[in-house]
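Before any comments, here is the structure.
The values are calculated or read from the model by the stated rules, or taken from the named source; none is laboratory data. All figures in this text were calculated on a predicted structure; none of them were measured in a lab. All Cβ positions, even for glycine, are placed from backbone atoms using ideal geometry, and neighbour counts span all protein chains on display.
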Amino acid sequence: MNTKYKYHDGNRSKDYTRSRKGADCVVRSISIILNQSYKTTLKDLCDYSVKYGAIPNDEWLYEKYLLSKGFEKQSPPKINGKKIQLKNLQFEGRCVLLTRNHLTAVINNTVYDTWDCRQSNCNSFYTLGEWKDYYALSSIFSI
């Protein structure tokens, strides 16, 4: 079973009427996973930006925010020492996943984003709540 894709703008369109393209993947993916408004997530990240002197898209800043919300950072998923493509990740639970210079939301084997990034390789990811340890359950990978 391959990972699915579903369009989701992180509820940005509910908070802002003007259309927005690109450069908001950090806010969008975190708001999806936390099930909170885009505006709340943006404000929280901007507060962190002012407090720590960085922009919301800086990895160390959004990581600090995610950790404060109860996320745990995980190593990149690999098979035979090689990173896998997002389309081959079978993940039950909620995570914010880093691909190459992009964050996306994954919930129960479905990517929620404004574009289909399943061709990208998985890098580190941040889990929230219960999830299955894919390292121990090799059968959850589809190659």
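In the set Ser31, Ser49, only one residue is surrounded by 17 or more Cβ atoms within 10 Å (Cβ to Cβ), in contact with a helix residue (DSSP H, G or I) (Cβ under 8 Å, 6 or more places away or on another chain), farther than 19 Å from Cys95 by Cα and not aliphatic (A, V, I, L, M); that residue is Ser49. Given the condition in a helix (DSSP H, G or I), under 20 Å from Thr127 (Cβ atoms) and modelled with pLDDT of 90 or more, answer yes or no: does some residue in segment 4-16 qualify? Among the residues of segment 4-16, not one is in a helix (DSSP H, G or I), under 20 Å from Thr127 (Cβ atoms) and modelled with pLDDT of 90 or more, which makes the answer no.
Of all residues in segment 17-28 being charged (D, E, K, R) and at pLDDT below 95, which is surrounded by the most Cβ atoms within 10 Å (Cβ to Cβ)? Spell out how you get there, then give the answer.
Going residue by residue through segment 17-28, those that are charged (D, E, K, R) are 18, 20-21, 24, 28.
From what is left, the residues that are at pLDDT below 95 are 18, 20-21, 24.
On the way: Arg18: 6, Arg20: 14, Lys21: 7, Asp24: 20.
Only one residue fits best here, namely Asp24.
Of all residue pairs spaced 6 or more apart or on separate chains, those with beta-carbon atoms under 7 Å, a first member in segment 49-77 that is free of Cβ contacts under 8 Å to residues at least 40 places away in the same chain and a second member that is surrounded by 17 or more Cβ atoms within 10 Å (Cβ to Cβ) and of a type in the set (D, E, K, R) are Tyr65/Asp44.
So, in segment 53-83, of the ones that are hydroxyl-bearing (Ser, Thr, Tyr) and exposed (fewer than 13 other Cβ atoms within 10 Å of the Cβ), which residue ends up farthest from Phe125 (Cα to Cα)? Among those residues, the one meeting the criterion is Ser68. For first residues located in segment 26-48 and on the phi > 0 side of the Ramachandran plot, partners that are buried (at least 22 other Cβ atoms within 10 Å of the Cβ) and of a type in the set (Gly, Ala, Ser) and lie 6+ apart or on another chain with Cβ distances below 7 Å do not occur.
For segment 78-95, what are the residues that are within 22 Å of Gly129 (Cβ to Cβ) and touching a residue at least 60 places away in the same chain (Cβ under 8 Å)? Even if it seems obvious, please write down each step before you answer.
Here is the first cut: in segment 78-95, the ones within 22 Å of Gly129 (Cβ to Cβ) are 86, 89-95.
The answer is Leu86, Leu89, Gln90, Phe91, Arg94, Cys95.
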